[in-house]
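So the structure is just underneath, and the comments pick up after that.
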Amino acid sequence: MKRIAISHANVEKYFYIQPLSKNSILHDFNCSFSEYTDYLINDALCSMNDHIALTWLLADCANGKIVAYMSLIMDAIKLSFTEKKLHNLNYPFRTIPAMKIAKLAVDRTFLEKFKGIGSFMIDTAERFALACNENYCAARFLTVDADIEHNEGVLAFYQKNGFFPNAELYNKNRKTISMRKDIYG
């Protein structure tokens with residue numbers, strides 16, 4: 001069976017995006033990594049109520065089942081002189097504002113029928129960051145701590161989606177790799 005590629009052009013045919021709420025039905029969500037499933041079911045709403053992270057759900061139009069989720073937070077990253085030069089950022093400060101994808105997960109049953117769900121969620125986060133820039137506050141980058149402990153392929157996934165490792169935060173002994181994407185680059 002050929003998998004259906006998801007993009008902003010066709011997403012509304014299959015899915016809709018909405019913020020997590022106390023009425024969201026989460027118990028059927030099943031990611032390949034139990035830590036991410038547990039976060040959505042047990043911790044995401046508390047994080048929202050405490051204003052720590054805002055979680056967005058991608059749901060199936062046919063039955064409302066949660067296809068994927070991402071939790072977004074505000075962030076700031078330190079860039080080396082070379083990294084700032086790469087992005088044409090000629091400012092005296094090293095810390096640059098960002099929006100961080102704190103969690104991103106896709107339900108494993110939807111991975112069999114669809115492709116590009118994770119990339120769609122990243123693109124949606126970028127659109128949210130751009131809208132924030134136009135209306136509320138600045139964020140030059142999307143950031144993520146790529147969880148290489150649970151998925152070695154995640155680094156390649158984020159690189160495919162335009163992210164680069166942050167030299168200032170790179171440490172080979174970490175369980176995550178700090179990465180950034182210039183939303184204006």
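Scanning segment 59-117 for residues that are part of a strand (DSSP E or B), among the polar types (S, T, N, Q) and either open to solvent by less than 30 Å² (accessible area, probe 1.4 Å) or touching a Ser or Thr at 6+ places or on another chain (Cβ under 9 Å) (or both) yields a single hit, S71. Taking segment 125-157 as the range and being closer than 18 Å to L54 by Cβ and open to solvent by less than 10 Å² (accessible area, probe 1.4 Å) as the test, the residues that pass are A125, A129, A139, F141, L142, T143, V144. Considering (1) farther than 23 Å from F33 by Cβ; (2) not in a loop (DSSP other than H, G, I, E, B); (3) not charged (D, E, K, R), the lone condition that T124 does not fulfil carries the number (1). Annotation: A44 fulfils all but one of (1) more than 23 Å from H150 (Cβ to Cβ); (2) open to solvent by less than 30 Å² (accessible area, probe 1.4 Å); the unmet one is (1). The set of residues in segment 4-32 that are touching a residue at least 12 places away in the same chain (Cβ under 8 Å), outside any strand (DSSP E or B), open to solvent by 60 Å² or more (accessible area, probe 1.4 Å) and not acidic (D, E) comprises H8, K13, K22, I25, H27, N30, S32.
The values are calculated or read from the model by the stated rules, or taken from the named source; none is laboratory data. The model shown is predicted, which means the values in this text are computed figures rather than measured ones. Don't worry about glycine lacking a Cβ; one is built from the backbone with ideal geometry, like all the others, and counts go over all protein chains shown. Heads up: the accessible areas ignore ligands, DNA and RNA and are worked out on the full protein's heavy atoms, side chains in. Shrake-Rupley method; radii C 1.70, N 1.55, O 1.52, S 1.80 Å.
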